[in-house]
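Worksheet: the structure to be examined is printed underneath.
The values are calculated or read from the model by the stated rules, or taken from the named source; none is laboratory data. Keep in mind the model is a prediction, meaning the values are calculated, not measured. Glycine gets a Cβ as well: all are built from the backbone with ideal geometry, and neighbour counts include every protein chain shown.
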Amino acid sequence: MPKPLLAFSTCPSAETAARIARTLVEERLAACVNRVPGAVSSYRWQGEIHEDAEVLLIIKTTRERLPALRDRLVELHPHELPELAAVEIAEGLPAYLDWLARETTAS
């Protein structure tokens, strides 16, 4: 069974987040993407501190699909260096994890 992952990214607008989320699901790189508005990120970029309103993406995928997801995110994202961090899902409802694996199987 493929290893399930939760991946996280942020987008600068709701429109960008919706476009990326839909594309990742359409292309079976993600089984589901939650868009969480209202995130505020504080970070250092090119020597300056920034604080930006963003939309957090919570992406359900698998370890096997992560390389393709990473490449596609870079293509779709407007930022020079988009955020992408992934963690393994240690446990979950077996039927849900089976669904996640089925929905991210390349067709």
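Quick one: is ARG28 closer than 17 Å to THR105 by Cβ, in contact with an Asp or Glu (Cβ under 7 Å, 6 or more places away or on another chain), of a type outside the set (Gly, Ala, Ser) and in a loop (DSSP other than H, G, I, E, B)?
yes
Give the residues of segment 64-95 that are within 20 Å of ARG22 (Cα to Cα) and exposed (fewer than 13 other Cβ atoms within 10 Å of the Cβ), sorted by residue number.
Here is the first cut: in segment 64-95, the ones within 20 Å of ARG22 (Cα to Cα) are 64-79, 82-86.
Across segment 64-95, the qualifying residues are PRO67, ASP71, GLU75, PRO78, ALA85.
Collect the residues in segment 6-24 that are in contact (Cβ under 8 Å) with a residue 60 or more places away in the chain, outside any strand (DSSP E or B) and either of a type in the set (Val, Ile, Thr) or under 11 Å from LYS60 (Cα atoms) (or both), keeping them in residue-number order. Spell out the reasoning first.
At the first step, the residues of segment 6-24 found to be in contact (Cβ under 8 Å) with a residue 60 or more places away in the chain are 6-12, 16.
Applying the additional criterion that residues be outside any strand (DSSP E or B) yields 12, 16.
The answer is THR16, and nothing else.
So ARG65 clears everything in (1) touching a Lys or Arg at 6+ places or on another chain (Cβ under 9 Å); (2) modelled with pLDDT under 95 except one condition, right? Which one?
Checking ARG65 against (1) touching a Lys or Arg at 6+ places or on another chain (Cβ under 9 Å); (2) modelled with pLDDT under 95, the one that fails is (2).
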